[in-house]
Amino acid sequence: MTLSPPWRKLVLVLHVTSSLGFVGAVSAFLALAITGATARPELAYAAYQAMQVVTWQVIVPLAFGTLLIGVVQSLGTPWGLFRYYWVIVKLVLTTIAVVVLMLQTQTIDALALAAIGGNLDGYSGARFSMMLHASGGAIVLLIATVLSVYKPRGLTNYGATALGGRGAV
Ligand code: HEM
């Protein structure tokens, strides 16, 4: 199934908006994680409470939106889901980012709760881990962005057969 040109444009707008929104929101999360780990206590408490709001209301919806719309976009265009290595790498990187994000939500909720209680004692490991995971996430999403723009040529064997030697675009 191939999307007609107007639908392809619309899905591309949704894909670029959600995926780059995801990148921006993870950058905001990283700023809050650094503030939480390094600022004076009152500011750190505020940062961890804001981090929880940003996670559940912005990052999680955009993360799932990016994955879902990316798959629709791939299947609805000649790029396909398994024809080009750059698409497969983006799928894998985004899936890893979503899984790690969901695994971290427990720690994010725990930090927000401790911040509301005004006591972050015993959370130094979690605070450092937030900075580490947010940095890793930002790097992974940056790689996905670079791949999206450069679209390296590499075709998979399946892609070569499916496209019969022609490129997708
Ligand atoms: C955070 C992760 C992602 C980012 C930052 C991202 C970013 C982008 C951007 C900026 C474009 C537009 C490139 C252009 O028009 O020149 C694009 C296109 C595309 N993306 Fe993603 N993307 C991400 C995840 C995914 C995923 C998970 C898939 C599917 C497995 C996917 C599949 C595609 C495809 C097939 C296109 C080409 C669409 C077309 O030509 O109509 N992307 N992506």
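Readers should treat all values here as calculations from the given coordinates under stated rules, not as data from a laboratory. Computed from a predicted model, the values in this text were never measured in an experiment. Glycine gets a Cβ as well: all are built from the backbone with ideal geometry, and neighbour counts include every protein chain shown.
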message = If each residue of separation counts as 0.36 nm, what is the full-extension length gain between residue 151 and residue 106 once their alpha-carbon separation is subtracted?
response = 12.7 nm
remark   = residue 17 and residue 85 label points (each 7 Å along its Cα→Cβ direction) are spaced in nm at 3.4
key: Whole-number D in µm² s⁻¹ for region 102-144, Kirkwood Cα-pair radius fed into Stokes-Einstein, 4 °C, 1.567 mPa s   = 115
request  = Could you pull the Rg and Dmax for the chain, using just the Cα atoms, both in Å?
outcome  = 19.0, 63
task = Using only Cα positions of region 119-169, each an equal point scatterer, no hydration layer, compute I(q)/I(0) via Debye at q = 0.19 Å⁻¹ and quote the log10 values to two decimals.
result = -0.75
inquiry  = Tell me the Rg and the Dmax, in Å, that the Cα atoms of region 80-159 produce.
reply    = 17.6, 57
Helical segments meeting 30 Å axial Cα length and Kyte-Doolittle -0.5 threshold in the chain (DSSP H) = 5-38, 85-116, 124-150
inquiry  = Could you work out [θ]222 nm for the chain from helices alone, using -39500 (n - 2.57) per DSSP H run of at least four and dividing by all its residues? Round to the nearest 500 deg cm²/dmol.
reply    = -27000 deg cm²/dmol
